[in-house]
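Right, one structure below, let's go through it.
The values are calculated or read from the model by the stated rules, or taken from the named source; none is laboratory data. A quick note: this is a predicted structure, and the numbers were derived from the prediction, not measured. Here the Cβ positions follow ideal geometry from the backbone for every residue, glycine too, while neighbour counts run over all protein chains shown.
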Amino acid sequence: MGRVTERRRVIRIRDGAVSTRPDTLVAEEPMEIRLGGKPLAITMRTPGDDFALAVGFLVSEGVLASAAELANIVYCAGATGEGGRNSYNVVDVRLADGVPVPDITLERNVYTTSSCGLCGKASLDAVRTTARWPLDISADTPVRIEPATLSALPDRLRAVQRVFERTGGLHAAALFTTDGELLDIREDVGRHNAVDKVVGRALQQGRLPLSSCVLMVSGRASFELVQKAVMAGIPVLAAVSAPSSLAVDLAVETGLTLVGFLRGTSMNVYAGEHRLALSAAASTD
């Protein structure tokens, strides 16, 4: 199976001094996801947690919602690499009997890069119509979180990014409780892959919907990440960087709490402020 990191020789220049040294890089390889033997998507990812990645991707596309709907996942033995060895870069997901198989094309090109994931009108329409767990703000036990708890999450995320510490080249996604307890963290060269791995592991463990969790991501909050949070039933998404306009639109429409620029004690709340335990009413300039 592919490694998470690889070593490469680099020329290092520091204050005019030139030297050579080995450097640790994050691995990036393509992975094809098949559904019932039919090609569905190709993503560039960091090898590891491949089955969780495939399952999480299918959750975000509305195909899976529970472990009972999943029959099995296997690496395709025929996907051989150099020397006839299995490349471990093709995964086939089989649904349980009775689970409907969607349009295999998902109405769009299903090639995804490590930087942006899937996007487009078809994806927006899908999240509007197939979300299994609406983020109901009138629930009997509504999620509430203190701003101080959110403020502590970036440092807690960074502290457990083991591969990032060696490479500086990975995104991370982590699930926390509303009290700030770390539940799971995954790293990947693609921010959307890291989220899929976290969500996929939760489905495999029978923990969906993640209705009492906060999803913390190390980069920006794109439309794709909001979509993935909504499809997994996650009520709060926090990011260290900015959201896109479409991400904010979708968060408002679905009732997601979206927090961006979460750095130290500062943050911007773009949607769903009802879940934050604010001490004073917000003022508008």
For this session: Restrict the check to the stretch 103-113 and report whether at least one residue is surrounded by 14 or more Cβ atoms within 10 Å (Cβ to Cβ) and modelled with pLDDT of 90 or more.
Result: no
Problem set entry | Candidate set: the stretch 33-71, residues that are crowded, with 19+ Cβ neighbours inside 10 Å and among the charged types (D, E, K, R); chosen: the one farthest from the chain's Cα centre (by Cα) | Arg34
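With Ala239, Ala148, Ala152 as the choices, which residue is crowded, with 20+ Cβ neighbours inside 10 Å and either under 12 Å from the mean Cα position of the chain (by Cα) or over 17 Å from Asp50 (Cα atoms) (or both)? Break it down stepwise before answering.
Values: Ala148 fails: crowded, with 20+ Cβ neighbours inside 10 Å; Ala152 fails: crowded, with 20+ Cβ neighbours inside 10 Å.
Going through Ala239, Ala148, Ala152 in turn, just one is crowded, with 20+ Cβ neighbours inside 10 Å and either under 12 Å from the mean Cα position of the chain (by Cα) or over 17 Å from Asp50 (Cα atoms) (or both): Ala239.
Would you point out which residue out of Gly219, Gly206 is assigned to a loop (DSSP other than H, G, I, E, B) and closer than 24 Å to Ile42 by Cα? Even if it seems obvious, please write down each step before you answer.
Numbers: Gly206 fails: closer than 24 Å to Ile42 by Cα.
Step by step, each of Gly219, Gly206 is checked, and only Gly219 is assigned to a loop (DSSP other than H, G, I, E, B) and closer than 24 Å to Ile42 by Cα.
Given the stretch 1-90, what strands (runs of 3 or more DSSP E) lie entirely inside it while holding 2 or more residues that are hydroxyl-bearing (Ser, Thr, Tyr) and out of contact with any Phe, Trp or Tyr (no Cβ under 6 Å at 6 or more places or on another chain)? Even if it seems obvious, please write down each step before you answer.
Numbers: elements: 5-14, 17-26, 29-35, 38-45, 70-75.
Hits in the stretch 1-90: 17-26.
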Problem set entry | Tabulated pairs, the stretch 178-203, first free of Cβ contacts under 8 Å to residues at least 60 places away in the same chain and outside any strand (DSSP E or B), second surrounded by fewer than 24 Cβ atoms within 10 Å (Cβ to Cβ) and among the hydroxyl-bearing types (Ser, Thr, Tyr), C-beta under 6 angstrom, 6+ apart or interchain | Gly180/Thr149
Seminar exercise, completed: Picking from Arg220, Arg207, the residue that is free of Cβ contacts under 8 Å to residues at least 12 places away in the same chain, within 20 Å of Arg186 (Cα to Cα) and surrounded by fewer than 23 Cβ atoms within 10 Å (Cβ to Cβ) would be Arg207
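Return a yes/no flag: does the stretch 195-202 have any residue that is surrounded by 24 or more Cβ atoms within 10 Å (Cβ to Cβ), in contact with a Pro (Cβ under 8 Å, 6 or more places away or on another chain) and at pLDDT 95 or above.
For the stretch 195-202, residues surrounded by 24 or more Cβ atoms within 10 Å (Cβ to Cβ), in contact with a Pro (Cβ under 8 Å, 6 or more places away or on another chain) and at pLDDT 95 or above: absent.
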Exercise. If Pro30 satisfies every condition in (1) over 28 Å from Ala173 (Cβ atoms); (2) in contact (Cβ under 8 Å) with a residue 12 or more places away in the chain; (3) of a type outside the set (D, E, K, R) but one, which is the exception?
Worked result: (1)
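Test Leu70 against the criterion of being at pLDDT 80 or above and not assigned by TED's automatic domain parsing to the domain that holds Ile33, and give yes or no.
Details: at pLDDT 80 or above: yes; not assigned by TED's automatic domain parsing to the domain that holds Ile33: no.
No; evaluated as a whole, the condition is false for this residue.
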